Amino acid sequence: MSKSNVEVHLSTKADAALVAAQQPDVVFLASGSEPVIPPIKGVNGDNVFTCITAHYNQNKLGKNVVIIGGNMVGCETAMSLYAQGKEVSIVEMTGKLHSDANPVLDLAFNLKMKNIRAFTNTRCIEIRKDGIIAETAGGLQLIPADSVVLAVGLKSCRELCDSLYTLGGSYAELGDCIKPANVRQAIRTAHYAALDIG
């Protein structure tokens, strides 16, 4: 970026007024996504983190961590925390872990080898200071935890995108503001959008 002619504005919140003042020919919208917060009792406790806040506050996580959500993000978070010496458990509602991952990435094997406990067909119904109350086929069970990490999905941040369309003009939506996905898919949408205006 330092070698390009791109003008960068840091610590600047984009809104409709800012965009209108710039009078751009085209606006690329990459407003991203944010974690879904499920309606679980105790979800607002100070021992609860999203997968994103957990990444940036690893020193605040306790020794024993339960991750709610066993898709790719939950599994990758589990492996990262395990590598830091945490005792990690995953709770997944369905019968399969990392169902959204590339089949070549055998995360289940890695989880097993790393002694990360996985509870499939299990639903968290309450978060407490001493862990979570999980609903299993055999009934309710306390899974002990110092900290709980939410990895139940992402939702698109649409507020900025929707506010800009009232201004008129040409817009291209990129990445997670269309649909939460991965870096490869976000780069692809940006690449083709750039070619379209080239």
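The values are calculated or read from the model by the stated rules, or taken from the named source; none is laboratory data. Here the structure is a predicted model, which means the values were calculated and not measured. All Cβ positions, glycine included, derive from the backbone under ideal geometry; neighbour counts span all protein chains shown. Heavy atoms of the whole protein, side chains included, go into the accessibility calculation; ligands, DNA and RNA do not. Shrake-Rupley method; radii C 1.70, N 1.55, O 1.52, S 1.80 Å.
Of note:
- For region 1-54, a tally of residues being among the basic types (Lys, Arg) and either closer than 21 Å to Leu154 by Cα or outside any loop (DSSP other than H, G, I, E, B) (or both) returns 1.
- Residue pairs whose Cβ atoms lie under 8 Å apart, sitting 6 or more positions apart in sequence or on different chains, and linking a residue in region 32-53 that is at negative phi to a partner that is open to solvent by 30 Å² or more (accessible area, probe 1.4 Å) and assigned to a helix (DSSP H, G or I), are Ser33/Asp176; Pro35/Ile52; Phe49/Lys60; Cys51/Val73.
- Restricting region 21-32 to residues that are open to solvent by 30 Å² or more (accessible area, probe 1.4 Å) and small (Gly, Ala, Ser), the residue that is farthest from Cys177 (Cα to Cα): Ala21
- On the stretch given as region 120-157, residues that are among the polar types (S, T, N, Q) and more than 20 Å from Thr77 (Cα to Cα) total 3.
- Leading residue by the ranking (modelled with the highest pLDDT) among those in region 137-166 that are surrounded by fewer than 16 Cβ atoms within 10 Å (Cβ to Cβ) and among the polar types (S, T, N, Q): Gln141
- Every residue from region 153-198 that is polar (S, T, N, Q), over 14 Å from Asp15 (Cα atoms) and not in a loop (DSSP other than H, G, I, E, B): Ser156, Ser170, Gln185, Thr189
- Among the residues of region 180-198, those identified as open to solvent by 70 Å² or more (accessible area, probe 1.4 Å) and either touching a Gly at 6+ places or on another chain (Cβ under 7 Å) or modelled with pLDDT of 90 or more (or both) are Ile187, Arg188, His191, Tyr192, Leu195.
- Conditions (1) among the β-branched types (Val, Ile, Thr); (2) under 14 Å from Ile143 (Cα atoms); (3) under 11 Å from the mean Cα position of the chain (by Cα): number failed by Val73: (2)
- Verdict on Lys129 being open to solvent by 90 Å² or more (accessible area, probe 1.4 Å), touching a residue at least 40 places away in the same chain (Cβ under 8 Å) and not aliphatic (A, V, I, L, M): yes
- Subset of region 135-152 (residues that are in a loop (DSSP other than H, G, I, E, B) and in contact with a Lys or Arg (Cβ under 8 Å, 6 or more places away or on another chain)): Asp146
- Filtering Asn102, Asn59 for residues that are of a type in the set (S, T, N, Q), without any contact (Cβ under 8 Å) to a residue 12 or more places away in the chain and part of a loop (DSSP other than H, G, I, E, B) leaves a single hit, Asn102.
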